[in-house]
Amino acid sequence: MNVTILGCRSGMPAHGQASSGYLVSIGGGAEETRVLLDCGPGVATALSSLIDPAMLDAIVLSHVHLDHCYDLLPIGKSLLAKGLSYPTAGRPPQSSVEIRRVPLYVPAGSAALFHRLAALFPVTTVPALDRAFELAFDMHEYDPGDYFTVGSAEVHLELLAHAAPNCGVRVSCADGTLAYTGDTGRTPALRTLARGADLLLAECTLSEPDSGPHGHLCAEDAADVAADAAVGQLVLTHFGTADPDWLEASRRRAAVRFGGPVHIATPSARFPVRSAREAML
Ligand SMILES: [Zn+2]
């Protein structure tokens, strides 16, 4: 398993860096499984530099904040485009397409929001374009605690602590386990999410511990989770800055509290997710 950073910014894209998005790939060749975790602004562009979105086996959203989901619509329209013809005189407007729908897992209660989003920009000559979340995606609402299978991976959703309901995503396959926090404050559930994971991809939004109601982590918080859950390595992400000094200072502060490798997420960086036993082979 590998995880590739598509976007690592909190909030909106900046300095040429997209908001949250991570491409998980498992195996290779015809059997490769590809899962997109979160899909903030800029992620559609970053993803398109690596693969055609039709190659995705699933998309999983941690929560419905704009910086984690806004590029679902452009990705959906890219998928739709494969089944569309340019409107011509004498033919009725195309209102449907025949394409493979990409499974999309969204938090319980949020499907209606995405249908409304797709309908906000009507294309009267091609009404199929207004139905991205019906025609391009096979949308499932998940509940915290759910498990499901995508190709060779098992995915588990763990409710964490954020201003909007946010589930951390645990992706397990034969050769490793990835735990991704999405957005969260400190909560005991982080230990459940990350227990024994080979790689913890943890948000690191703040410079110091959160004292408010929103729910974010700082470097020390992420490191404490990594140590407590005995993960193999820690990758910090979801930054409000691209300042190399701030990022390196965060990495160093985390490394004081967690004895394993600590990395900083950067666009296009690719991290192997392997169990310690696999890594030795
Ligand atoms: Zn959020």
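Summary of values
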{"item": "Residues that are over 20 Å from L104 (Cα atoms) and either in contact with a His (Cβ under 9 Å, 6 or more places away or on another chain) or of a type in the set (S, T, Y) (or both), drawn from region 12-53", "result": "S49"}
{"item": "Within region 133-164, tally of residues that are surrounded by fewer than 17 Cβ atoms within 10 Å (Cβ to Cβ) and either touching a residue at least 40 places away in the same chain (Cβ under 8 Å) or not charged (D, E, K, R) (or both)", "result": "10"}
{"item": "Test: residue in region 225-232 that is within 16 Å of the ligand (Cβ to nearest atom), under 21 Å from the mean Cα position of the chain (by Cα) and of a type in the set (A, V, I, L, M, F, W, C)", "result": "no"}
{"item": "Boolean, D143 is within 16 Å of the ligand (Cβ to nearest atom), at pLDDT 95 or above and of a type in the set (D, E, K, R)", "result": "no"}
{"item": "Search result, residues across region 33-48 that are over 18 Å from H156 (Cα atoms) and in contact (Cβ under 8 Å) with a residue 60 or more places away in the chain", "result": "A46"}
{"item": "Residues satisfying the stated conditions in region 178-196, i.e. aliphatic (A, V, I, L, M) and within 17 Å of the chain's Cα centre (by Cα)", "result": "L178, A179, L190, L193, A194"}
{"item": "From P209, P213, residue being in a loop (DSSP other than H, G, I, E, B) and either acidic (D, E) or within 14 Å of the ligand (Cβ to nearest atom) (or both)", "result": "P213"}
{"item": "Output for region 13-28, where each listed residue is farther than 20 Å from A153 by Cβ, polar (S, T, N, Q) and within 16 Å of the ligand (Cβ to nearest atom)", "result": "S19"}
{"item": "Filter result (more than 12 Å from the ligand (Cβ to nearest atom), over 12 Å from the mean Cα position of the chain (by Cα) and either closer than 15 Å to A222 by Cα or among the hydrophobic types (A, V, I, L, M, F, W, C) (or both)) within region 151-177", "result": "A153, V155, L157, L159, C173, A174"}
{"item": "Test: P103 is in contact with a Cys (Cβ under 7 Å, 6 or more places away or on another chain) and either part of a loop (DSSP other than H, G, I, E, B) or surrounded by fewer than 22 Cβ atoms within 10 Å (Cβ to Cβ) (or both)", "result": "no"}
{"item": "Helices (runs of 4 or more DSSP H) lying entirely in region 29-84 (those with 2 or more residues that are away from the ligand (no atom under 16 Å from the Cβ))", "result": "43-48, 72-81"}
{"item": "Of all residues making up region 184-200, the number that are within 15 Å of the ligand (Cβ to nearest atom) and either over 9 Å from L217 (Cβ atoms) or assigned to a strand (DSSP E or B) (or both)", "result": "1"}
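Matching residues to (1) at pLDDT below 95; (2) surrounded by fewer than 24 Cβ atoms within 10 Å (Cβ to Cβ):
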site: R9; (1), (2): no, no
site: A14; (1), (2): no, yes
site: Q17; (1), (2): no, yes
site: Y22; (1), (2): no, no
site: G29; (1), (2): yes, yes
site: R34; (1), (2): no, yes
site: S49; (1), (2): no, yes
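Residues are listed down the side, and each one gets a yes or a no for (1) in contact with a strand residue (DSSP E or B) (Cβ under 9 Å, 6 or more places away or on another chain); (2) assigned to a loop (DSSP other than H, G, I, E, B); (3) surrounded by fewer than 23 Cβ atoms within 10 Å (Cβ to Cβ); (4) not small (G, A, S):
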| position | (1), (2), (3), (4) |
| --- | --- |
| V235 | yes, no, no, yes |
| A242 | yes, yes, yes, no |
| L247 | yes, no, yes, yes |
| V256 | no, no, yes, yes |
| G259 | no, yes, yes, no |
| H263 | yes, no, yes, yes |
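The values are calculated or read from the model by the stated rules, or taken from the named source; none is laboratory data. Predicted, not measured: the structure shown is a model, and the values here were computed from it. As a convention, Cβ positions derive from the backbone with ideal geometry for all residues, glycine included, and neighbour counts pool all protein chains shown.
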